[in-house]
Amino acid sequence: MTSPQEELLPGTRRALLHRIAVAQTEGRAPSLVAAVVRGGRTVWSGARTSVEGEVPDGDVQYRIGSITKTFTAVLVLRLRDEGLLDLADPLEKHLPGTGVGEVTVVDLLAHRAGLAAETPGPWWERTPGSLRPGLTDVLGERPLVHPVGRRFHYSNPAGYALLGALVEKLRGAPWEDVLRREVLEPLGLHRTTVEPVAPHAGGWAVHPWADVMQPEPLENLGVMAPAGQLWSTTGDLARFAAFLAAGDERVLSAESVREMRTPAAPAEAADVADGYAYGLGLELRHQHGRALVGHTGSLPGFLACLTMGLADDVGAVVLANCTSGPAPFTVAADLVRIVAEAEPRIPTPWRPLRETDPAALDLVGQWYWGTHPFGLRLSADGLLALEPLSGKGRRSRFRRDGDSDGGWVGLEGYYAGEVLKPVRRPDGTVSHLDLGSFVFTRQPYEESAPVPGGVDAEGWRGLL
């Protein structure tokens, strides 16, 4: 039987190894491990180390820092899907007495709650969590530095510490127990833990001006654990990446995972320029002309990144045990690019619809909004896709809307959430489409259709 390692071409495997070798050498990392996911499973893994004869593998734990936030976000979405909370709920409704009760659950998930970036007091990443035993110690006397909901401002520990406390309150159990029971065990992530379990890497600080190093402290973050405590492996994170791409009904549906991957925070100008946005516990980036989704993480002694190019069906995980050095996102994005360019995704075979839908077939073809031509296509997944024929303009896919008679609801872009309604004549034929008050007709400014503002009685004419 062919092993997963042999599924990539030799040239691709060498290019991947070369990339992480350069990253480990130039970044002066004591060790660096990586894995590539395609088709929902690991197809390549590699490692480089400064210790001869002790090359780490996909079972060695590294600290993953803020990738922990993505796990916490999954727990919150589970609570929402079970009806125990609404993302628009103010925190005070479920977790009273924090002093920031006006922020909503979604504000916390998307880092738009206006909370301070860091905690008061000494550097929290290198000091024991026991110095901050409660949420008030994490939030400080001035927790809000921006108006709630107005802008994206990454709150490194505080926002997700609150979400972890919310999970504990609604589940009646410690965050780590809920995480293990509801996410780690169902997905088979047995090497993802709150405390390190051998074999695990030690965290190191490498001197910026000399090739020497010293160990970093490995502190327990206490109430801030839901923001950055976890240890994991490339093997486990590869499986988690596959889950974030497709969902798993035992944990979170594909639709809810897709919601996590949707931008949810107002972007700052600098973020737009950098191709950066934030969803619900996930970072959304653009690199090498492709959209990538995942999360980075760092704590003293460790760097981490999990990222996925969904259009290419390729994901990558990069872990290193140094405080600074290799840029994990850049390396992971390069691994995705190498595979995507060297071995492009082979499209799934075209297949027709299983059942004919006469009502939907009535709608396909060319339509006009004013004088702008659009095409409406019915695909094998049962969705309608509206696209401008000029190549520029608003586009969206639509699925049937069970709440309206014959309507279709937009899934993305400008028309997300808007309902496309076919309006029929008395004989049952389609007169026009109504999309959020926009009228689409079979001909530009069709005389027999109710075009807003009416149609000139003399119709189309040449230059007078």
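Coordinate-derived values only; no laboratory data. No experiment lies behind these values; they were computed from the predicted model shown. Here the Cβ is made from the backbone with ideal geometry for all residues, glycine too, and neighbour counts use every protein chain on show.
Once the Cβ-Cβ distance between ALA173 and GLU355 is put in as r, and R0 is 60 Å, what FRET efficiency do you end up with, to the nearest 0.05?
0.85
List the residues of the stretch 402-440 whose backbone N lies under 12 Å from a point placed 7 Å from the Cα of ASP362 along the Cα-to-Cβ direction.
406-407, 422-433
If we count other beta carbons within 10 Å of each Cβ, what is the order of THR233, THR296, fewest first?
Ordered from fewest to most neighbouring Cβ atoms within 10 Å, THR233, THR296 come out as THR296, THR233.
Express the Stokes-Einstein translational diffusion coefficient of the stretch 69-147 in µm² s⁻¹, to the nearest whole number, given a Kirkwood radius over alpha-carbon pairs, 37 °C and a viscosity of 0.692 mPa s.
This corresponds to a translational diffusion coefficient of 239 µm²/s.
Is the stretch 263-354 best put as rounded, prolate or oblate by its Cα gyration tensor, with a ≥ b ≥ c the root eigenvalues, rounded for a/c under 1.5, and otherwise prolate when a/b is larger than b/c, oblate when not?
In terms of gyration-tensor shape, oblate.
Would you work out which of SER232, SER390, LEU306 lies farthest towards the positive end of the dipole of the chain? Charges go on Cβ: Lys and Arg +1, Asp and Glu -1.
Checking the options against the dipole of the chain, the answer is SER390.
Estimate the FRET efficiency between GLU387 and GLN214 by the formula 1/(1 + (r/R0)^6), using the beta-carbon distance for r and 60 Å for R0, to the nearest 0.05.
0.55
How much length, in nm to one decimal, is gained on full extension between HIS146 and ALA246, taken as 0.36 nm per residue of separation minus their Cα-Cα distance?
Using 0.36 nm per residue and subtracting the Cα-Cα distance, I get 32.5 nm.
Taking the Cα centre of the chain as origin, sum charge times position over the Cβ atoms of Lys and Arg (+1) and Asp and Glu (-1), and report the length of that vector in debye to the nearest 20.
On the way: 45 positive and 57 negative charges, 114 e Å.
Using Cβ point charges on Lys, Arg, Asp and Glu, the chain gives about 540 debye.
Quick one: which of 139-146, 321-328 comes out on top by average Cβ neighbours within 10 Å, and what's the full order, highest first?
Details: 139-146: 14.9, 321-328: 21.9.
In decreasing order of mean packing, 139-146, 321-328 become 321-328, 139-146.
Which whole-Hz ³J(HN,Hα) couplings does the stretch 350-363 yield from phi under the Karplus relation 6.51 cos²θ - 1.76 cosθ + 1.60, θ = phi - 60°, glycine and proline marked x?
So the Karplus estimates, Gly and Pro as x, are 5, 9, x, 4, 6, 10, 6, 10, x, 5, 6, 4, 4, 9 Hz.
Quote the FRET efficiency, to the nearest 0.05, computed for ARG394 versus TRP123 with a Förster distance R0 of 41 Å and r equal to the Cβ-Cβ distance.
0.30
Based on DSSP, what percent of beta bridges with both residues in the chain are antiparallel, to the nearest 5?
Roughly 95 percent of the beta bridges in the chain run antiparallel, per DSSP.
Dividing the Cα radius of gyration by the Kirkwood radius, what Rg/Rh value follows for the stretch 88-208?
1.01
Just going by the charge dipole of the chain, with Lys and Arg at +1 and Asp and Glu at -1 on Cβ, which of VAL51, LEU280, GLY462 is farthest out on the positive end?
After comparing all options, I get GLY462.
With +1 on each Lys and Arg Cβ and -1 on each Asp and Glu Cβ, how big is the dipole of the stretch 352-442 about its Cα centre, in debye rounded to the nearest 20?
Roughly 320 debye, rounded to the nearest 20.
Just in the stretch 348-434: which trypsin sites (Lys or Arg not before Pro) are loop by DSSP and have at most 11 other Cβ atoms within 10 Å?
Answer in residue order: ARG354, LYS392.
Over the chain, what relative contact order in percent results from Cα pairs under 8 Å that are six or more residues apart?
16 percent.
How far apart, in nm, are the 7 Å Cα→Cβ label points at SER256 and TRP460?
For SER256 paired with TRP460, the spin-label model returns 5.2 nm.
How far apart, in nm, are two points set 7 Å out from the Cα along the Cα-to-Cβ line at GLU52 and at VAL451?
According to this spin-label approximation, the distance is 8.1 nm.
Between the stretch 72-98 and the stretch 381-413, what is the separation of their alpha carbon centroids in Å?
30
Going highest first, how would you order 28-36, 336-344, 426-434 by mean Cβ packing within 10 Å?
Going from most to least packed, we get 28-36, 336-344, 426-434.
Once phi is turned into ³J(HN,Hα) by the Karplus curve 6.51 cos²θ - 1.76 cosθ + 1.60 with θ = phi - 60°, what whole-Hz value does each residue of the stretch 227-233 show in order, with x for glycine and proline?
Coupling constants for the stretch 227-233: 9, x, 7, 5, 10, 7, 10 Hz.
With just the Cα atoms of the stretch 358-441, tell me how far they stretch along each of the three principal axes, in Å, largest first.
In descending order, the Cα extents are 34, 25, 25 Å.
Full extension from THR348 to ARG14: what is 0.36 nm times the residue separation minus their Cα-Cα distance, to one decimal in nm?
117.5 nm
Which length gain, in nm to one decimal place, applies between GLU195 and ARG424 when the Cα-Cα distance is subtracted from 0.36 nm times their residue separation?
Here the segment from GLU195 to ARG424 would lengthen by 76.1 nm.
Out of LEU244, VAL138, TRP123, whose Cα points farthest toward the positive end of the dipole of the chain (charges: +1 Lys, Arg; -1 Asp, Glu; placed on Cβ)?
LEU244
Mind ordering 167-174, 115-122 by average Cβ neighbours within 10 Å, highest first?
Descending packing order for the listed peptides: 115-122, 167-174.
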